[in-house]
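Right, one structure below, let's go through it.
The values are calculated or read from the model by the stated rules, or taken from the named source; none is laboratory data. Fair warning: this is a prediction, and the values are worked out from it, not measured in the lab. Positions of Cβ are backbone-derived with ideal geometry, glycine not excepted, and every protein chain shown enters the neighbour counts.
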Amino acid sequence: MSNRVIVSVDVEDWYHGPTAAARFGTRNDVAQALGSVPQPERGLPYLDVALGLLAERNIRATFFWVAEYARRFPDALRRCAAAGHEIACHGLTHYPKFDPATKRPNFTPDEFKARTAEARKILQDLTGQPVTGYRAPNAYIAGWMLDALEDLGFAYDSSVSVNSIYNKTDEPQLDGVDSRPYFPTRGALRRGTVARGIVEFPWPFLAVGPVKIQSAGGPYLRFFGSGLVQAGLRQALRRGPAVFYFHPVDMCREAIPLPFSWKRPMMWWFKGDLVRRRIARVLDGLRGRTAAFDEVLQVGADKLCGGG
Ligand SMILES: [Zn+2]
């Protein structure tokens, strides 16, 4: 199979995002902060917009669901599964491994393992399908998390972002990591030499001289447009499969509730129809060359990670 763009959708809502996720991980957290807003969700109607964009282009994707969100909206989760998409895990809630403001851990490795096992069970029970993929909330990933995922039987993770602008991992050196899938070193995110039970699919970047700019999508698509993402995907495809992702809530037209002090007031400057058109433009350029993670893994982890 020639190199494919792996299309992925992170299913969460505005209150899961980096501005809020350290404080809010559940609807109860949000309700507490907002006082009495019963329906703060903005993302759900746009999940169906996302499903439509994919269906119109005959694209099968991987949907990374926040399990607590799926538990509240099981029919929406089942619509994704019924449309033939792969269902994967985006955490029990959207709490990242540490509070970005204080850098204090949100949970221990054992707690992470228990929470992730619970999240997978929720998603599997609701869909009746196996869940073998993981993406870390806020892409805050660490080597010990990959070890835990491997112990739990996950086949892959897709959270590592090689990015010269800022490094979200706790490793200063991601030795040997570009955008190709790889077996990580145990306890670390570096590229290892030993085959193991978990594969990491790092995100693509656009290399401009020595500078690498994340170009997998998400906020980089919202802020910088489809040109950056398409150029980064083109570079990544020369190495191997390349990952693209977006959030349904990024397409929402309605105002985002702003009930608390924002550390990043620009976070939602770019959203709505503008972002929907950008997502559509990227998808249009990928026709016939896309896959979900589980399809790409069918060639076998050894083959996928061994090829240079
Ligand atoms: Zn997320």
Across region 145-160, what is the total count of residues that are away from the ligand (no atom under 16 Å from the Cβ) and of a type in the set (Ser, Thr, Tyr)? 1
Can you find, within region 124-157, the residue that is surrounded by the fewest Cβ atoms within 10 Å (Cβ to Cβ) among those that are at pLDDT 95 or above and of a type in the set (Val, Ile, Thr)? THR127
Going through region 1-55 in order, the residues found to be away from the ligand (no atom under 13 Å from the Cβ), of a type in the set (Val, Ile, Thr) and at pLDDT below 70 are THR26, VAL37
Subset of region 207-239, residues surrounded by 20 or more Cβ atoms within 10 Å (Cβ to Cβ), farther than 14 Å from VAL275 by Cα and at pLDDT below 95, comes to LYS212, GLN214, SER215, ALA216
Residue check, PHE63 touching a strand residue (DSSP E or B) at 6+ places or on another chain (Cβ under 6 Å) and within 16 Å of the ligand (Cβ to nearest atom): yes
Residue that is farthest from LEU92 (Cα to Cα), among those in region 114-127 that are more than 16 Å from the ligand (Cβ to nearest atom) and touching a residue at least 12 places away in the same chain (Cβ under 8 Å): THR127
LYS103 passes all but one of the listed conditions (1) within 16 Å of the ligand (Cβ to nearest atom); (2) on the phi > 0 side of the Ramachandran plot; the exception is number (1)
Would you pick out the residues in region 130-144 that are out of contact with any Asp or Glu (no Cβ under 8 Å at 6 or more places or on another chain) and either more than 12 Å from the ligand (Cβ to nearest atom) or among the basic types (Lys, Arg) (or both)? PRO130, VAL131, TRP144
Might you let me know whether region 158-181 holds any residue that is outside any loop (DSSP other than H, G, I, E, B), modelled with pLDDT of 95 or more and either in contact with a Cys (Cβ under 7 Å, 6 or more places away or on another chain) or crowded, with 18+ Cβ neighbours inside 10 Å (or both)? no
Residue, farthest from the chain's Cα centre (by Cα), within region 66-95, restricted to residues that are away from the ligand (no atom under 15 Å from the Cβ) and among the acidic types (Asp, Glu): ASP75
Filter the strands (runs of 3 or more DSSP E) completely within region 201-255 down to those with at least 1 residues that are of a type in the set (Gly, Ala, Ser) and within 15 Å of the chain's Cα centre (by Cα). 242-246
